[in-house]
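Before any comments, here is the structure.
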Amino acid sequence: MAREPQNVQTHTNFTAADFGSPAEWFDYRHKLGEAEVGKHFTRATLGLTGMEVSFGVLPPGVSLPFLHAHKQNEEIYIAIAGDGEMQIDGQRIPLTPGTTVRVAPAGMRVLRGGTQPLSYIVVQAKAGSLEQATREDGIMSRDPVTW
Ligand code: ZN
């Protein structure tokens with residue numbers, strides 16, 4: 001049976017869930033053609049409204065079986081563990097933990113695992129939709145921090 005998020009807590013202003021450690025993400029099994037990969041989209045669980053965030057694992061040497069682009073969403077790929085490679089518009093980018101790649105909607109992209117399973121996070125959001133962030137968007141509380 002496929003893995004499911006654990007300890008999902010939904011409150012007025014947040015939803016929290018445990019998706020497991022990167023090594024466990026392969027348990028979110030996904031069959032893509034001949035390839036069996038780990039992939040889980042968090043939007044439904046977390047109630048995301050402005051972005052999609054997914055966790056993925058590619059076994060060593062396993063490639064996603066298709067190139068894809070997007071109609072309007074940009075994506076950021078963040079390598080978390082292992083190694084692999086990304087190809088965008090024919091350009092190859094090695095992926096190791098910490099490698100982070102932004103891809104414009106039109107970029108034709110594909111990923112593959114390297115010598116170890118590649119665990120990665122993908123965030124996608126509508127290109128050009130971010131109007132403000134961090135200091136422009138944050139509201140500082142005057143309440144003291146208590147734990
Ligand atoms: Zn995509």
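Of note:
- Unmet requirement for T15, which otherwise passes all of (1) farther than 19 Å from L95 by Cα; (2) more than 14 Å from the chain's Cα centre (by Cα); (3) within 16 Å of the ligand (Cβ to nearest atom); (4) not basic (K, R): (3)
- When we screen A16, A79, A69, A2 for residues that are among the aliphatic types (A, V, I, L, M) and modelled with pLDDT under 95, the only hit is A2.
- A125 vs. criteria of a type outside the set (V, I, T) and not in a loop (DSSP other than H, G, I, E, B): yes
- Where a residue in the range 58-81 is part of a loop (DSSP other than H, G, I, E, B) and within 10 Å of the ligand (Cβ to nearest atom) and its partner, wherever it lies, is open to solvent by 50 Å² or more (accessible area, probe 1.4 Å) and modelled with pLDDT of 95 or more, with Cβ under 6 Å and at least six apart: A69/A106; A69/M108
- Qualifying residues in the range 93-114 (those that are open to solvent by 60 Å² or more (accessible area, probe 1.4 Å) and either among the aromatic types (F, W, Y) or not in a loop (DSSP other than H, G, I, E, B) (or both)) - the one farthest from the ligand (Cβ to nearest atom): P94
- Residue within the range 32-39 that is within 27 Å of S129 (Cα to Cα) and surrounded by 17 or more Cβ atoms within 10 Å (Cβ to Cβ) present: yes
- Within the range 27-39, residues that are assigned to a loop (DSSP other than H, G, I, E, B) sit with their Cβ atoms under 6 Å from residues that are open to solvent by 70 Å² or more (accessible area, probe 1.4 Å), at 6+ positions apart or across chains, in these pairs: G33/P65.
- Residue that is nearest to the ligand (Cβ to nearest atom) [pool: residues in the range 115-142 that are in contact (Cβ under 8 Å) with a residue 60 or more places away in the chain and β-branched (V, I, T)]: V122
- Cross-chain or 6+ apart pairs with Cβ under 9 Å, the range 88-109 first and more than 16 Å from Y120 (Cβ to Cβ), then aromatic (F, W, Y) and open to solvent by 50 Å² or more (accessible area, probe 1.4 Å): none
The values are calculated or read from the model by the stated rules, or taken from the named source; none is laboratory data. The model shown is predicted, which means the values in this text are computed figures rather than measured ones. Reconstructed Cβ throughout: ideal geometry from the backbone, glycine too, with neighbour counts over all protein chains shown. Each accessible area value is taken on the protein alone, full model and side chains, heavy atoms only, with ligands, DNA and RNA left out. Shrake-Rupley method; radii C 1.70, N 1.55, O 1.52, S 1.80 Å.
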